[in-house]
Structure formats: C-alpha cells, structure tokens
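Everything below concerns the one structure shown next.
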Amino acid sequence: GGANSGIISSAGLFNPAYGQVGQNLVGYTITSGPCVAFAQSSIVVNRFISAGFAGNQKIVYCKNDPQVNMNSFVLNPSEFWSGSGMTGSMFDPKSAALGSNNKIVHKTLSQPNGTLCPDESTISVTVNEVPGLTLSANSYTGSVPFQVKLNMDVNTTGQNTGGKGSWYIGDGSEPIGIVNTSHTFTYQGSYTVVANYITPEGCVADAILDRPITVWETPKVNFVYEPDEITTAN
C-alpha cells in the first residue's frame with residue numbers, strides 16, 4: 001500500500017500517474033502465521049513537462065521580419081532551443097535559411113530532477129524571400145504637364161513572381177497599383193516617389209526613386225510693345 005489511494009495495487013503495480021511529484025512512500029507487509037514483516041521505501045515521481053507545440057501550427061515569416069520568441073508557440077516555455085536562426089528562445093528570420101528547411105528543436109526537462117523524463121519536439125519554420133527593389137524614371141525634370149515613365153525592377157529568385165506593385169507619387173494622386181506605369185504631373189514642385197512590391201506570400205519590399213521628380217510651370221509667352229498706339233508719325 002501507499003500514502004496515496006490507488007498509488008500501488010495489491011499486486012505491487014506502482015502507477016506514477018496517481019503519485020505526487022516528489023517523494024511517495026510505499027509500504028509492504030507480509031504475514032506468515034502470527035509473524036508479520038514490514039518494509040517501507042520511497043519512490044520519487046518527477047513532473048513530466050511536454051516539449052510539444054500548441055496545436056498543428058504552420059509558422060511562416062518574411063526574411064525582413066523582426067525576431068520572435070518561440071516560447072509563444074509551445075505548451076511549456078523553456079530555455080532549451082536549437083536550430084537555424086535561433087539564439088536562446090529567439091528566432092531571427094534574417095539569419096535563418098530561405099525556404100522550409102529551418103528545423104527548430106525545443107527541449108524540456110522534468111522537475112525536480114532534470115536528468116529524467118526529457119522531452120523533445122521539432123517544427124519547421126518557413127522563411128520567404130523579400131525581393132530587392134530598384135526604381136527608375138525615364139526623366140526627372142520637365143514642365144507642366146510633365147509625363148514620366150516609372151519602372152520597378154524586382155530582383156527575385158523566381159519564387160515571388162506574380163506579386164503586386166504600388167507607386168506613391170506624392171502629388172496628392174491615388175496610389176498606382178501596377179509594376180511599370182506612367183504618371184502626368186500637373187502642378188509644379190519637387191516630388192519624392194516611393195513604391196512597394198508585395199509578394200504572393202505577403203512579404204513587402206519598398207524603395208525610393210533615386211532622386212526627386214522636379215516639375216516647373218510652363219512658361220507663358222507674350223509680347224509687350226510701346227507705344228500701345230502707333231500712328232504714321234511713328
């Protein structure tokens with residue numbers, strides 16, 4: 001028998017699930033006629049700590065995303081992490097490999113004795129590419145109305161084809177949702193043009209045109225003559 005009800009059966013089967021974390025006293029008695037013998041021992045039960053992840057999660061990041069604490073994805077946070085892009089419990093997409101081959105390992109140890117009942121779980125983290133973005137214009141100075149052709153060069157390995165580009169002209173007009181486009185400036189001024197490109201996976205790259213677009217007013221031509229009335233005496 002034991003101190004806890006059900007901790008051990010009469011056949012001597014000890015069930016840790018019914019024990020308490022720590023010391024569990026177990027007593028054994030045997031009789032033979034009027035003679036009784038008794039012995040007692042202590043069995044230590046460690047608390048099992050699962051290293052499992054909470055649910056069936058698909059973890060995906062972009063290469064330029066900030067670091068994330070991977071303890072937010074597990075049932076029992078710990079300090080025992082390893083794998084591509086890991087420093088302690090922090091995963092940094094910038095230092096991880098592109099693709100889904102980032103194997104992240106989480107380990108836990110039992111309590112109070114950390115040498116027993118270890119657990120380990122592994123998950124794959126996907127890191128998607130953020131393409132390079134270069135902007136250019138066919139001309140940077142002109143007079144109203146000034147039409148400029150704008151080009152967006154997306155430097156990608158090919159997995160980000162089919163994304164969406166947007167231009168922000170800066171003259172009060174609505175954003176232009178196309179990779180290569182043209183725009184007519186109708187007011188004088190200096191305009192800083194920016195653009196972004198969103199990959200099919202949702203990763204965003206942005207860039208600024210290498211120099212501002214400068215637009216002048218169109219000169220107005222007229223004649224001035226004197227005197228304003230001309231006679232034959234002139």
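The values are calculated or read from the model by the stated rules, or taken from the named source; none is laboratory data. Given the structure is predicted, the values throughout are model-derived calculations rather than measurements. Heads up, the Cβs are rebuilt from the backbone with ideal geometry, glycines too, and the neighbour counts pull from every protein chain shown. Please note that ligands, DNA and RNA were not included when accessible areas were found on the heavy atoms of the full protein model with its side chains. Shrake-Rupley method; radii C 1.70, N 1.55, O 1.52, S 1.80 Å.
Both radii were evaluated on the Cα set of segment 108-175; the Rg over Rh quotient, with Rh as the Kirkwood radius, amounts to 1.45.
Measure off, as a whole percent, the carbon and sulfur share of the 1.4 Å-probe accessible area of the chain, all protein chains present. Intermediate values should be presented prior to the final figure.
Details: 7720 of 14510 Å².
Looking at the chain in its full context, I get 53 percent from C and S.
For the chain, with every protein chain kept in place, what is the accessible area per residue (1.4 Å probe, Å²)?
Working: 14510 Å² over 234 residues.
Here the residues of the chain average 62 Å² of exposed surface.
Using C-alpha pairs under 8 Å with a sequence gap of at least 6, the mean separation divided by the residue count of the chain gives a relative contact order of 13 percent. Converting phi to 3J(HN,Hα) with the Karplus coefficients 6.51, -1.76 and 1.60 and the offset θ = phi - 60°, segment 166-172 yields 9, 10, 10, 6, x, 9, x Hz in sequence order, with x at every glycine or proline.
Taking label positions 7 Å along the Cα-Cβ direction at both Val221 and Ala11, the computed distance is 11.1 nm, reported to one decimal. If you plug the beta carbon distance of Glu174 and Lys149 into 1/(1 + (r/R0)^6) with R0 = 25 Å, you get a FRET efficiency near 0.85.
A dipole drawn for the chain from +1 and -1 charges on Cβ atoms has a positive end, and of Gln20, Phe223, Thr31 the residue lying farthest that way is Thr31.
Lys and Arg at +1, Asp and Glu at -1: add these up for the other residues within a Cβ distance under 13 Å of Ser166 and post the number.
On the way: positive: Lys164; negative: Glu174, Asp206.
My count for the surroundings of Ser166 gives -1.
Between Thr157 and Met90, 0.36 nm times their residue separation minus their Cα-Cα distance comes to what? Intermediate values should be presented prior to the final figure.
Numbers: separation 67, 0.36 × 67 = 24.12 nm, distance 2.72 nm.
Taking 0.36 nm per residue and subtracting the Cα distance, the gain is 21.4 nm.
The Cys residues in the chain with no partner Cys Cβ within less than 4.7 Å of their Cβ are Cys35, Cys117. Would you kindly give the portion of the calculated P(r) for segment 128-211 that falls above 17 Å, as a percent of all Cα pairs? Pairs farther apart than 17 Å: 44 percent. Rounded to the nearest 0.05, the FRET efficiency derived from the C-beta distance between Ser139 and Asn64 at R0 = 35 Å is 0.65.
Tally Lys and Arg at +1 and Asp and Glu at -1 over the other residues with C-beta under 12 Å from the C-beta of Leu109: what net charge comes out?
Values: positive: Arg47, Lys107; negative: Glu79, Asp119, Glu120.
Net of charged neighbours comes to -1.
With Cβ to Cβ distances under 14 Å as the rule, what net charge do the other residues near Asn155 carry (K, R +1; D, E -1)? Net charge in that neighbourhood comes out at -2.
With only Lys, Arg, Asp and Glu charged, each at its Cβ (+1 for the first two, -1 for the last two), find how big the charge dipole of segment 54-208 is about the Cα centre; round to the nearest 20 debye. Result for segment 54-208 is approximately 160 debye, rounded to the nearest 20.
Note on the chain: lysine pairs with Cα distance below 30 Å, sequence gap of 8 or more or different chains, count 13.
The gain in end-to-end length when the Gln188 to Cys117 segment is fully stretched comes to 18.2 nm, 0.36 nm per residue minus the alpha carbon separation. Residues Val125, Val194, sorted by accessible area with the largest first, give Val194, Val125 [1.4 Å probe; ligands and nucleic acids excluded]. A straight chain from Ile198 to Asn71 at 0.36 nm per residue would run longer than the Cα-Cα distance by 42.8 nm. What separates the Cα centres of segment 1-80 and segment 104-157 is a distance of 41 Å.
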